[in-house]
1. Skip the ligands, DNA and RNA, and give the accessible area per residue of the chain with a 1.4 Å probe, whole Å².
2. What number, in percent, do you get for the relative contact order of the chain if the mean sequence gap of Cα pairs under 8 Å and at least 6 apart is divided by its residue count?
3. Among the trypsin sites (Lys or Arg not before Pro) within the stretch 1-48, which fall in a DSSP loop and have no more than 11 other Cβ atoms within 10 Å of their own Cβ?
4. Can you run phi through the Karplus equation (6.51, -1.76, 1.60; θ = phi - 60°) for the stretch 50-57 and list ³J(HN,Hα) in whole Hz, with x for Gly and Pro?
5. Under a Cβ-only charge scheme (Lys and Arg +1, Asp and Glu -1), can you give me the dipole magnitude of the stretch 129-181 about the Cα centre, in debye to the nearest 20?
6. For Ser150, tell me the accessible area in Å² from a 1.4 Å probe, rounded to the nearest 10.
7. What length, rounded to one decimal in nm, is gained on full extension from Val14 through to Thr68, with 0.36 nm per residue of separation minus their alpha-carbon distance?
8. Based on the Cβ-Cβ distance of Lys119 and Leu37, what FRET efficiency does E = 1/(1 + (r/R0)^6) give at R0 = 51 Å, to the nearest 0.05?
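The values are calculated or read from the model by the stated rules, or taken from the named source; none is laboratory data. Just so you know, these numbers come straight off a predicted model, no measurement behind them. Note that each Cβ is placed from the backbone with ideal geometry, even for glycine, and that neighbours are counted across all protein chains shown. Just the protein is used for accessible areas: all its heavy atoms, side chains included, with ligands, DNA and RNA removed. Shrake-Rupley method; radii C 1.70, N 1.55, O 1.52, S 1.80 Å.
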Amino acid sequence: MPVQYLPTTELRLVEHVDRLAHDHPPIRLDSVDFTVLRPREFEARFGHVLDYMARVELEVDRNVLELTTMLPDPPDIDRHFYADVWQPQEIQHGLILDRLQVELGREPAAPDLDSVGIKLRILGMLAHLGPFQDVCRMLYYLTGMATERSAVLAYNLLHRGTLEMGEEAIANTVIGQIKRQEPGHYAFYQLSARGLWTQLAGWQRWLVRFMRRVSFAPVGANNARQKADFGEVMATLGIADTAEEFAHQISRVERELLWARDRGLTVPDYVSRAFREAVELARDRTHLPHLGR
C-alpha cells in the first residue's frame, strides 16, 4: 500500500482543494473581453507566448492520462484535485488563450492530447508496488511545483507587459483572471510534497533525487524545438538574461527538500542547465533549421 498523508496534512489538503473549487471555478467565457486595441503590435510581441501557454494549458488532458498511468492508486485527495479542480480550470485557461491568439489572426494551438511515453508506462507498471508509487507521487508533486511556479512568474510578467501596452481588457479579463488561479495549484503541490517527503525511506529519497535529475525539463518542453520555443518565451518575458534567478524561484522548495544536505547549493544543477539550454537553443534557432517553428 502507498504511504498515506498524515491526518493533519490530509485535512489541510482537503480544506485547500475545497476552497480552490469554491473560490476559483473555471473561468466563464462570457466573463472575458477579447478587445485588443493594437492587435498587430500585440500579436508581434506576445503571439508566440500565447501559443506556448495555450498549448501547455490544453495538454492537461494528456497530463491526466499520464497521471492515471503512473499513479494507479493515488490518495483520494490527489484524484479529486487533478480531476475535479485542476483539469477543468486549466482546460479553460487553454481555451481562452487559444481563442485570444485566433482572434489575433494566429493558427490555433496544436496540443498533444493523448500520447503517453513508454517510460511512463514502465513507471506505471512498477507503481503497482506501493513504495514505488510513493516515489512517482513525489516526482508528480515536484513537477507540479516547478510547473505552477513557472506559470505564476510567467503570467505575472505577461500581465505587466500587457498593461504596459495599454491592453487593459486583455490584462484584466484574460491574464489577470488566469494568474489568480495558479498560486492555489502551487500551494497544493508544495503542501503535498512536504507531507510525503517526511515519510519516505532513505532508498526512496535516493531514487527520487536520481529520477528527478535525469527527467527534469521546463514545462511543455519535451523536445529540442519546444525547448527553443520556451527559450523565446523567456526572452520575450525578460527572463532569459536572469535565467539563474528564474531557476532559483521555481526550485526553491525542491532544493530545500531534496538537496538541503548540499550546503551552498542555490539551484539544482539540472534545473539551471535546462533553462540555459532553452535560452541557447532559442538564440541558435536561425542557425539550426530543425529548430524552426
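1. Counting only protein heavy atoms, the per-residue value for the chain is 47 Å².
2. Details: 350 pairs, mean separation 64.8, N = 293.
Once divided by the residue count of the chain, the mean separation gives 22 percent.
3. Within the stretch 1-48, the qualifying trypsin sites (Lys or Arg not before Pro) (loop, at most 11 other Cβ atoms within 10 Å) are Arg28.
4. Result, ordered by residue: 4, 5, 5, 5, 4, 4, 4, 5 Hz.
5. 160 debye
6. Roll a 1.4 Å probe over it and Ser150 shows about 10 Å².
7. This chain segment gains 17.4 nm when fully extended.
8. 0.65
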